[in-house]
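Novice: After the structure tokens below, expect a handful of questions from me.
The values are calculated or read from the model by the stated rules, or taken from the named source; none is laboratory data. Source: prediction; values computed, not measured. Every residue, glycine among them, receives a Cβ derived from its backbone with ideal geometry; neighbour counts consider all protein chains shown.
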Amino acid sequence: MAASISGYTFSSVCYHSANSNSDHEGFLLGDVRQEETVSISDTQISSAELLQVVEIHNHDPCAQLFSFYDYAGKVNEENLNSILKDRRKNVIGWYRFRRNTQQQMSFREQVIHKQLTQLLGVPDLIFLLFSFISTANSSTHALEYVLFRPNRRYNQRITLSIPNLGNTSQQEYKVSSVPNTSVNYAKVIKEHGAEFFDKDGVMKDIRTIYQVYSALQDKVQAVCGEVEQSERVKEKIQEDVNKLKQQIALRKRKTAEEERRLREAQNTDSHSTPEENTEPSESSLLSRIAFHSPSAPQRPSTSPNPPSYADLLSQDDSLLSSSSSPTSAALLPRPQAVGSPGHPTPGPLGMDLGLGLGLGLSLGASSNPVSTPSTPYLGNGDGSSSDSLDRQAAGQEDDEDDDEDDDDEDEDSSEYENLVSETTHLPVVSGSVLAQGRPAALSPDGDARGSQTT
Amino acid sequence: MNNMSPEVALHRISPELRPLLCSVVRNGRVGLDSTNCLRVTDLKTGCTSLTPGPCCDRFKLHIPYAGETLKWDIIFNARYPELPPDFIFGEDAEFLPEPSELPHLVQWDAGNSECLLQLVKELIQQYHHYQCQRLRESSRLLFEYDSLLEDPNYGRNMEIYAGRKNSWTGEFSARFLLKLPVDFSNIPIYLLKDTTLDPGEDVALLSVSFEDAEATQVFPKLYLSPSIEHALGGSSALHIPAFPSGGCLIDYVPQVCQLLTNKVQYVIQGYHKRREYIAAFLSHFGTGVVEYDAEGFTKLTLLLMWKDFCFLVHVDLPLYFPRDQPTLTFQSVYHFTNSGQLYSQVQKTYPYSPRWDGNEMAKRAKAYFKSFIPQFQEGAFANGKL
């Protein structure tokens with residue numbers, strides 16, 4: 001059992017007691033509640049502890065001794081009622097103050113306590129004993145207090161705690177749960193309460209805050225929806241990109257095969273023809289491809305002022321319209337990135353091989369990353385040699401497997417941009433040549449990419 | 001604060017309460033052991049510390065009971081002296097008398113100076129009942145108690161202290177304090193006058209301590225009021241037989257009682273015998289008697305002459321005369337020893353029989369003197385100097 005008394009009640013009792021010229025007694029008002037603590041630990045599932053907490057809220061001093069009992073210690077119920085009046089139901093105990101005596105219940109106190117327990121109907125009536133000890137020369141005075149529960153056989157003494165008194169290491173100021181019974185307080189709150197509380201008794205501020213909170217929640221939910229949608233679109237586009245890449249790879253392989261066959265055919269036709277004949281054509285091809293390297297003056301599409309993307313798009317459109325056979329893969333819409341201003345979706349880009357080398361421009365400066373998967377191309381974007389091209393053709397899958405993590409749409413789209421612009425500027429060459437038409441495409445930030453990224 | 005003399009206590013107590021305390025400390029005797037008055041210690045006040053004195057209104061009262069001393073706190077209120085006191089029964093936390101059994105509390109009359117003393121007596125009675133209740137813990141001791149209770153000689157004068165030495169774990173023990181119904185009234189007054197203390201009531205108390213509930217360790221002890229103890233010969237009078245193992249009080253106590261009674265009888269007899277003896281010597285030796293103890297008849301001095309040799313004979317009669325032989329001390333009137341005393345010789349063994357009456361003893365003594373004196377004279381001349 002734990003007991004607590006508010007500081008002001010305690011000081012009030014002390015005041016009344018200390019100012020009396022004899023022994024002093026009175027009643028304690030308050031309430032008793034049961035607290036159950038359930039603790040769960042690793043060692044046991046749960047253990048419940050019941051604690052009875054006694055709280056003393058107020059006290060009712062008696063004006064004189066023997067006011068409700070007689071010489072024999074018999075309690076007079078009428079007198080008791082006239083003292084307590086309607087506070088009788090709040091009585092949880094009584095107290096006595098006597099100077100210079102032992103901290104033990106006296107004969108009469110025990111007799112009275114038994115009767116009070118019965119009359120008031122409180123089974124665990126408590127008794128608070130104050131004792132004032134002074135030294136002989138009145139230099140030191142000690143106020144001692146002990147709380148008894150005499151109706152128990154064992155553990156009769158309980159510690160009485162006074163919140164906020166004693167342990168100064170504690171920083172928090174404890175608020176007690178003593179109910180406020182002041183009439184004036186209730187009146188004032190009633191008068192001015194409407195400004196702070198709404199009809200349900202809930203503070204208005206709380207409601208407002210809650211509304212803000214709900215609005216934020218809604219917005220977050222909406223954004224979630226949008227994010228989900230855009231994620232789905234992105235997924236779809238990613239799939240498309242992958243498909244197109246596969247197609248490109250396929251086409252490359254095909255063109256490579258054709259070329260090989262052509263070469264073989266050429267070789268068988270003219271034995272005397274030196275290998276160098278093919279080389280220049282290849283090198284010329286390559287030189288066309290390697291437009292980033294300074295030693296490639298034949299880069300067809302280099303111009304001091306790269307056209308803007310919008311021009312390219314329009315050119316694309318014209319190109320596409322002129323091209324004869326758009327492949328199925330060319331007819332892919334160009335998706336938008338999230339949060340960016342939209343681009344007009346161009347018409348299906350020509351997947352014609354003629355487009356392959358048309359994007360010999362460094363369109364790295366363009367800030368509109370758009371993924372344009374429609375153009376088939378061969379070779380990597382940075383104008384490396386045919387070795388890499390072959391590697392590219394043969395080992396497409398490997399390269400793709402070696403993709404770096406920071407693959408992003410921007411790079412892809414820039415490559416595709418280049419692809420688009422190339423198609424506009426490069427002259428339409430033979431299909432065989434154009435098969436290698438993928439120029440070195442700069443990623444937007446100028447990095448030369450070693451492999452075709454997806 | 002301790003061992004406060006009653007006068008100091010009376011001085012410090014609040015004037016309105018003084019009469020009540022007065023009767024307690026001056027006349028207060030409760031219980032069987034009334035040789036000691038009730039003692040008052042630890043006088044404190046219930047008024048504010050700035051109240052001018054004397055204003056003490058609460059104190060500790062020491063009450064002898066069954067060999068123990070009860071220390072009860074008595075609490076008054078100096079500002080309301082008409083109100084009855086409150087009590088704290090010290091270590092007997094479970095002692096709670098029924099207020100209806102305390103008439104002097106229910107009808108407390110502060111004007112009656114005896115009221116407090118009477119109330120204390122009633123409380124002691126209730127306490128006795130409470131202790132007897134506690135005897136129920138041991139059937140053996142309860143039997144002892146009941147058997148004694150039935151005997152009218154002892155039942156009414158019994159104090160019991162029962163309980164555990166240590167509240168929880170100690171062995172159950174009990175002490176019976178019984179007042180022995182021995183009649184001391186015939187003891188010659190002279191024997192009782194020698195004590196320096198106020199003799200009080202002559203009482204013999206037998207205290208029997210049972211150290212365990214099965215009565216295997218029993219320690220009896222006899223207490224006599226100081227005058228009786230002196231009259232019966234000092235601490236030797238306190239020797240009593242040991243408690244027989246397996247015996248019970250109802251057999252043992254009468255035994256002790258009888259022993260004591262016999263002693264008293266003997267002492268009384270002895271007195272009369274001595275008186276007779278002295279009377280006989282007086283008649284036989286007549287003018288030879290120098291002096292004798294006319295109250296207790298314990299001493300007699302004779303001045304005798306034999307063949308012009310004068311000598312003194314001092315006769316010391318022991319307490320248990322005639323069982324014990326009187327001591328004769330012969331003293332020369334002429335000779336001194338080296339230490340400046342008169343030369344003397346003590347004779348403890350001489351023909352004697354306790355069955356002789358006074359006359360016979362006187363005659364025999366005379367005969368013995370005659371036979372012994374030559375020896376003595378020679379010795380005196382030889383060893384003493386003039």
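Results for (1) outside the structural domain of B:Thr41 (by the TED database); (2) in a loop (DSSP other than H, G, I, E, B); (3) modelled with pLDDT of 90 or more, shown as yes or no for each residue.
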| position | (1), (2), (3) |
| --- | --- |
| B:Asp92 | no, yes, no |
| B:Leu105 | no, no, yes |
| B:Trp108 | no, yes, yes |
| B:Asn112 | no, yes, yes |
| B:Leu116 | no, no, yes |
| B:Leu119 | no, no, yes |
| B:Leu123 | no, no, yes |
| B:Gln126 | no, no, yes |
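Novice: Spot the failing condition for B:Glu7; the list is (1) in a helix (DSSP H, G or I); (2) surrounded by 20 or more Cβ atoms within 10 Å (Cβ to Cβ), and only one is missed.
Specialist: Of the numbered conditions (1) in a helix (DSSP H, G or I); (2) surrounded by 20 or more Cβ atoms within 10 Å (Cβ to Cβ), the odd one out for B:Glu7 is (2).
Novice: Tell me which residues, restricted to region A:1-11, are part of a helix (DSSP H, G or I) and surrounded by 15 or more Cβ atoms within 10 Å (Cβ to Cβ).
Specialist: A:Thr9, A:Phe10
Novice: Looking at B:Ile268, B:Ile250, which is the one that is assigned by the TED database to the domain that holds B:Leu142, touching a residue at least 40 places away in the same chain (Cβ under 8 Å) and part of a helix (DSSP H, G or I)?
Specialist: None of the other options fit; the residue is B:Ile250.
Novice: Name the single residue that is surrounded by the most Cβ atoms within 10 Å (Cβ to Cβ) among those in region A:116-137 being more than 20 Å from A:Thr159 (Cα to Cα) and within 11 Å of chain B (Cβ to nearest Cβ).
Specialist: Applying the filter and picking the extreme gives A:Ser134.
Novice: Also, quick follow-up: Does any residue of region B:36-56 turn out to be within 9 Å of another protein chain (Cβ to nearest Cβ), buried (at least 18 other Cβ atoms within 10 Å of the Cβ) and assigned to a helix (DSSP H, G or I)?
Specialist: No: zero hits.
Novice: Consider A:Val111 carefully, then state whether it is within 30 Å of A:Pro179 (Cβ to Cβ) and surrounded by 14 or more Cβ atoms within 10 Å (Cβ to Cβ).
Specialist: Criteria not met by A:Val111.
Novice: Could I ask something else about it? In region A:47-67, how many residues are surrounded by 14 or more Cβ atoms within 10 Å (Cβ to Cβ) and within 14 Å of chain B (Cβ to nearest Cβ)?
Specialist: Residues in region A:47-67 being surrounded by 14 or more Cβ atoms within 10 Å (Cβ to Cβ) and within 14 Å of chain B (Cβ to nearest Cβ): 4 in total.
Novice: Let me ask something else about it. Sort out which residues of region B:140-159 are at pLDDT 80 or above and among the small types (Gly, Ala, Ser), and write them in order of number.
Specialist: B:Ser147
Novice: Moving on to the next point. For region B:68-78, check the following and say yes or no: at least one residue is closer than 25 Å to B:Glu7 by Cα, within 10 Å of another protein chain (Cβ to nearest Cβ), assigned to a loop (DSSP other than H, G, I, E, B) and among the charged types (D, E, K, R).
Specialist: No, every residue in region B:68-78 fails to be closer than 25 Å to B:Glu7 by Cα, within 10 Å of another protein chain (Cβ to nearest Cβ), assigned to a loop (DSSP other than H, G, I, E, B) and among the charged types (D, E, K, R).
Novice: So if I check each of B:Gly247, B:Gly270, which one is loosely packed, with under 15 Cβ neighbours inside 10 Å and of a type in the set (Gly, Ala, Ser)?
Specialist: When all the criteria are applied, what remains is B:Gly247.
Novice: State which residue is nearest to A:Ser4 (Cα to Cα) when the search covers only region A:69-115 and only residues that are within 14 Å of another protein chain (Cβ to nearest Cβ) and of a type in the set (A, V, I, L, M, F, W, C).
Specialist: Step by step, filter region A:69-115, then rank; the result is A:Phe97.
Novice: Select, from B:Glu295, B:Glu291, the only residue that is modelled with pLDDT of 85 or more, surrounded by fewer than 17 Cβ atoms within 10 Å (Cβ to Cβ), more than 15 Å from B:Gly233 (Cα to Cα) and touching a Lys or Arg at 6+ places or on another chain (Cβ under 9 Å).
Specialist: B:Glu291
Novice: Could you please give the count of residues in region B:24-35 that are surrounded by 17 or more Cβ atoms within 10 Å (Cβ to Cβ) and at pLDDT 80 or above?
Specialist: So the answer is 2.
Novice: Quick one: in region B:19-35, which of the residues that are more than 20 Å from the chain's Cα centre (by Cα) and more than 30 Å from A:His16 (Cβ to Cβ) is farthest from the other protein chains (Cβ to nearest Cβ)?
Specialist: The extreme case among them is B:Cys22.
Novice: Looking at A:Arg108, A:Arg96, which is the one that is in contact with a strand residue (DSSP E or B) (Cβ under 9 Å, 6 or more places away or on another chain), part of a helix (DSSP H, G or I) and basic (Lys, Arg)?
Specialist: Just a single option satisfies the conditions, and that option is A:Arg108.
Novice: Kindly indicate whether B:Lys273 is in contact with a Pro (Cβ under 7 Å, 6 or more places away or on another chain), in a helix (DSSP H, G or I) and touching a residue at least 12 places away in the same chain (Cβ under 8 Å).
Specialist: The answer is yes for B:Lys273.
Novice: Please go through region B:328-364 and give me each residue that is among the hydroxyl-bearing types (Ser, Thr, Tyr), closer than 23 Å to B:Gly379 by Cα and surrounded by 12 or more Cβ atoms within 10 Å (Cβ to Cβ), ordered by number.
Specialist: Those that are among the hydroxyl-bearing types (Ser, Thr, Tyr), closer than 23 Å to B:Gly379 by Cα and surrounded by 12 or more Cβ atoms within 10 Å (Cβ to Cβ): B:Thr329, B:Ser332, B:Tyr334, B:Thr337, B:Tyr343, B:Ser344, B:Tyr350.
Novice: When you check B:Pro97 against the structure, is it more than 7 Å from chain A (Cβ to nearest Cβ), out of contact with any Asp or Glu (no Cβ under 7 Å at 6 or more places or on another chain) and not small (Gly, Ala, Ser), yes or no?
Specialist: Yes, satisfied.
Novice: Take the residues in region B:57-67 that are within 15 Å of B:Asp92 (Cα to Cα) and within 14 Å of another protein chain (Cβ to nearest Cβ), then tell me which one is surrounded by the fewest Cβ atoms within 10 Å (Cβ to Cβ).
Specialist: Across region B:57-67, the extreme among qualifying residues is B:Lys60.
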